[in-house]
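Report on the structure given below.
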Amino acid sequence: MDSGVVELAIIGSGFGGLGAGVMAIEQGIDSFVILERAKAVGGTWRDNTYPGCACDIPSHLYSFSFAQNSEWSRSYPAQPEIEEYLERVTDNYRLHSRVRFGFDVAEVRWLQEQTCWSITSHEGDIVLASAVISATGPLSQPATPDFPGLSDFAGEVFHSANWRHDVSLDGKKVGVVGTGASAIQLVPAIADDVEHLDVFQRTPPWVLPRDDRPAPLWRRYLYQWLPFLQRLHRWRIYARQEFLSLAFLGKGKIANAMTERIKQETKTLIDASFPDPEIAAALVPTFKPGCKRLLISNDWYSALAKPNVDVVTASIERVDATGITTSDDRHHELDVLVLATGFAVTDFPSPLTFIGRNGVNLAEHWEDGASTDFGITVSGFPNLWFLAGPGTGLGHNSIVFMIEVQLQQIGRALRYMRSESVASIELRQEVEDASYAELQRRVATTVWASGCSSWYIRENGRVDTIWPGTTTEYWWRARRFAPNRYLMTAGRFGQITPSR
Ligand code: NAP
C-alpha cells in the first residue's frame, strides 16, 4: 500500500485531466497529481484505436486554445494524430512526472475532520487531496450488450473501444453490432479486408457528408508563422458548429429548414449508393435529426453497398458458437464479432464511488437526476469539480471548448480559495436545485427529448447528459466563479488537518 498527500488530485489524463494539469500549473499549484488507471495519457484517444477512428469535430477546434497545433495533417485527423497531440501537450507542459500511472481509482471519500478527500485505488493505495477534479470523461466505460449465448461464441469478440490488433480480419466473416459514431468509421475501414461483413443495425443514423481535406504544407507554414490566421480558422469552424445548434434547440422556421436539409442530405447519400428504394428505405431514420448524435461520413453507405457487406435489420435473438441468429430465424455465420455498441454514458458517476459530506453516496444523490451547477459542482461534495460532467455533453460542438470553460471557473475558484483563506467550498443546495430545474425545463423542448432512445437519456427518462443551449451561452454563464453560490469554511486551503 502506498500513500501521498497533495493539494489537488486530478482523476484521468485525457483532454480534461491534462487541461486541468495545465490549469494547476498556471494557478501556481505546485502540489498536484494526475491519477491515471492506464499506462499512458490520452483517455478516449488512447483507448479507441479501431481502424478508421477519427474525431467528428475538426481538430483545429477540437484541441486546446492554449496549445494550437499548426501541423494537423487534415481537417479530421485520425486517432493516432490526436493521441500524439495529447502526448505533446503532456511533454510541453512537463506533465509526465505529475501523472501517477496505474492508479485505478475505486473510491473518493470526503474526510470532514481533515477537510480533504481520501482517494483509494483498487489496489488499496491512498492519496489525500484538499481538492479533486474528476476528469474521467463520459466515454470511458464501454457498454457491452448481454446477448443470450454471447459467452458461447467460439470466435473472437471484442468492443470497438478495446480493438484487438492481434486478431486479423483478413478473409474472415465479421459481424459489427451497431451503426453509431464508432461503427460508421470502422465499417468502411475494414470492409475491403474481410471476406464477408454483417452490419447489425438496430436504428439507422442520420448522416451528413464529411468535408475532410488534407492540409497543404503551405497552410501549415502559414499557421506556424502567422498563428492569428489559425485562430481565425478556429473561430470560423466554431461559428459553423455553433450554427448547427439552431437545428437542435429551436422550433421555428430556421430549425425546420435545417432539419429538412439534414434529412435531404442523408437521403441523397443513401440514394447514391442504394438505387433500390426498398433497400434504401431501411437505412432512413425515423427519429428527428440530432436526437441521436448526427454522424458524418463520405464512405458509410458506399461501404454498406459493397457486395461482401450485408446490413442486417432483423434484431439479434441469440449468439452461439458459430454466429448470430436474428429474429427472422436466419443464422449469420461469423469468425469475429465486433461490438460497436457505445459507452455507459448515463451511468454516472460510475465506475467511481464518491462519498461526500455526511457519508452521502453521489450515485444515490443523482439517482433521480444528475443535478449540478453547470455540470461542474455538486452540493454535499466540497472541493470537488467535474469536467465534461452531467448536463454538459454536446451534439454540435467541441467538448474541449466546454472543458476549457469549466477549467476557467475551477481556476478562479482555486485562486479565490487560496487568496481569501477558504479551506472548503460547497455548492448551495438551492443553487443546484434551481440550476437543474432550469436544465430540465429547457432540455424538454430540444431535439434530444423529441422521442428517440439515445445515450443522452437515462433509464428514468431524464436527459441529464446534454447542455440544452449554445456553447457561447455556456461560456458566458459558467466561466466565472460566483462565491455567493457556495457555502465556505475558513482556513488555509491545501493544509490537511492531521486525523485525531
Ligand atoms: P453509440 O453512438 O452509442 O452507438 C452504439 C450503437 O450500437 C448504436 O447503433 C446502437 O443502436 C447499437 N447498439 C447498442 N446496443 C445494442 C444492442 N443491444 N443490440 C443492437 N444494437 C445495439 O456508440 P459509439 O458509436 O461508440 O459512439 C458513442 C459516442 O462516442 C458518440 O456519440 C460520440 O460522442 C463519441 N464518438 C465520437 C467519435 C468522433 O468522431 N468524435 C467517434 C466515435 C465515437 P441504437 O441506436 O438502436 O441504440
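Remark: segment 280-285, residue by residue, has Karplus-estimated 3J(HN,Hα) of 4, 4, 5, 9, 8, x Hz, where x stands for each Gly or Pro and the curve is 6.51 cos²θ - 1.76 cosθ + 1.60 at θ = phi - 60°. Here Lys263 is the anchor, and the lysines within straight C-alpha reach of less than 19 Å, apart from those fewer than 8 places off in the same chain, are Lys251, Lys253, Lys288, Lys292.
From the gyration tensor of the Cα coordinates in segment 257-300, what semi-axes in whole Å does the equivalent ellipsoid have, largest first, with each one equal to sqrt(5λ)?
On the way: eigenvalues 63, 26, 21 Å².
Value: 18, 11, 10 Å, ordered largest first.
The calculated 222 nm mean residue ellipticity attributable to helices in the chain amounts to -9000 deg cm²/dmol, summing -39500 (n - 2.57) over DSSP H runs of n ≥ 4 and dividing by all residues. By the Cβ rule of 4.7 Å, the chain holds the following cysteines without a possible disulfide partner: Cys53, Cys55, Cys116. Extents of segment 264-361, taken as max minus min of Cα coordinates on every principal axis and listed largest first, are 63, 40, 21 Å. Packing, as the average of other Cβ atoms within 10 Å across residues, places the peptides 8-18, 48-58, 416-426 in the order 8-18, 48-58, 416-426, highest first. With coordinates expressed along the principal axes, the C-alpha atoms belonging to segment 321-449 extend over 68, 34, 27 Å, beginning with the largest. Derived scalar couplings between HN and Hα for segment 186-193 equal 7, 4, x, 6, 10, 4, 6, 8 Hz in order, rounded to whole Hz, by the Karplus curve 6.51 cos²θ - 1.76 cosθ + 1.60 (θ = phi - 60°), x for Gly and Pro. Over segment 137-229, the ratio between the Cα radius of gyration and 2.2 N^0.38 Å evaluates to 1.52.
Translational diffusion coefficient, Stokes-Einstein: compute it for segment 19-78 using the Kirkwood radius over C-alpha pairs as Rh, at 10 °C and 1.306 mPa s, and state it as an integer in µm² s⁻¹. D = 115 µm²/s.
Within the accessible area of segment 134-292, what % is carbon and sulfur when the probe is 1.4 Å and the other protein chains stay in place? Intermediate values should be presented prior to the final figure.
Numbers: 4810 of 8400 Å².
Answer for segment 134-292: carbon and sulfur cover 57 percent of the accessible area.
Relative intensity of segment 391-500 on a log10 scale, I(q)/I(0) at q = 0.12, 0.15 Å⁻¹, equals -0.54, -0.77, per a Debye sum over C-alpha point scatterers of equal strength in the absence of solvent.
Under the √(5λ) rule applied to the eigenvalues of the Cα gyration tensor, what semi-axes describe the equivalent ellipsoid of segment 185-335? Give them in Å, descending.
Values: eigenvalues 256, 99, 36 Å².
Ellipsoid half-lengths, sorted descending, are 36, 22, 13 Å.
In segment 4-109, what percent of the accessible surface is made up of carbon and sulfur (1.4 Å probe, ligands and nucleic acids excluded)? It would help to have the intermediate numbers written out before the result.
Values: 1690 of 3600 Å².
Taking all protein chains in place, segment 4-109 shows 47 percent carbon and sulfur surface.
State the percent of C-alpha pairs, over all pairs in the chain, separated by a distance greater than 42 angstrom. Don't skip to the answer; put the middle values down first.
Values: 24264 of 124750 pairs.
Roughly 19 percent, rounded to a whole number.
Counting only alpha carbon atoms, the long axis of helix 253-273 and the longest principal axis of the chain meet at about 50°.
Carbon-plus-sulfur fraction of the accessible area of segment 311-446, 1.4 Å probe, in percent? Let's see the in-between values first.
Numbers: 2060 of 4790 Å².
For segment 311-446, the apolar C and S fraction of the accessible surface comes to 43 percent.
Under 1.5 on a/c is rounded, so check that first for segment 49-178, then, if it is not, pick prolate when a/b is larger than b/c and oblate when it is not; a ≥ b ≥ c are the square roots of the alpha carbon gyration tensor eigenvalues. Oblate, since a/c reaches 1.5 and b/c is not below a/b. Using a probe of 1.4 angstrom and keeping all protein chains present, the accessible surface of the chain works out to 43 square angstrom per residue.
In plain terms, if you count all Cα to Cα distances in segment 58-133 and split them into 5 Å steps from zero, the share in each step is 3, 13, 17, 13, 11, 14, 12, 9, 5, 1, 0 percent.
Over all alpha-carbon pairs in segment 109-154, figure out the percentage whose distance exceeds 13 Å. Mind dumping the intermediate values first?
On the way: 741 of 1035 pairs.
Tail fraction, whole percent: 72.
Size of segment 377-449 from its Cα atoms: along the principal axes, largest to smallest, the extents are 45, 28, 14 Å.
Each DSSP beta bridge with both residues in the chain is either parallel or antiparallel, and the antiparallel ones are about 40%.
The values are calculated or read from the model by the stated rules, or taken from the named source; none is laboratory data. All figures in this text were calculated on a predicted structure; none of them were measured in a lab. For neighbour counting, all protein chains shown are included, and Cβ atoms are generated from backbone atoms with ideal geometry for every residue, glycine included. For the accessible areas, the whole protein counts, side chains as well, though only heavy atoms, and no ligand, DNA or RNA atoms are used. Shrake-Rupley method; radii C 1.70, N 1.55, O 1.52, S 1.80 Å.
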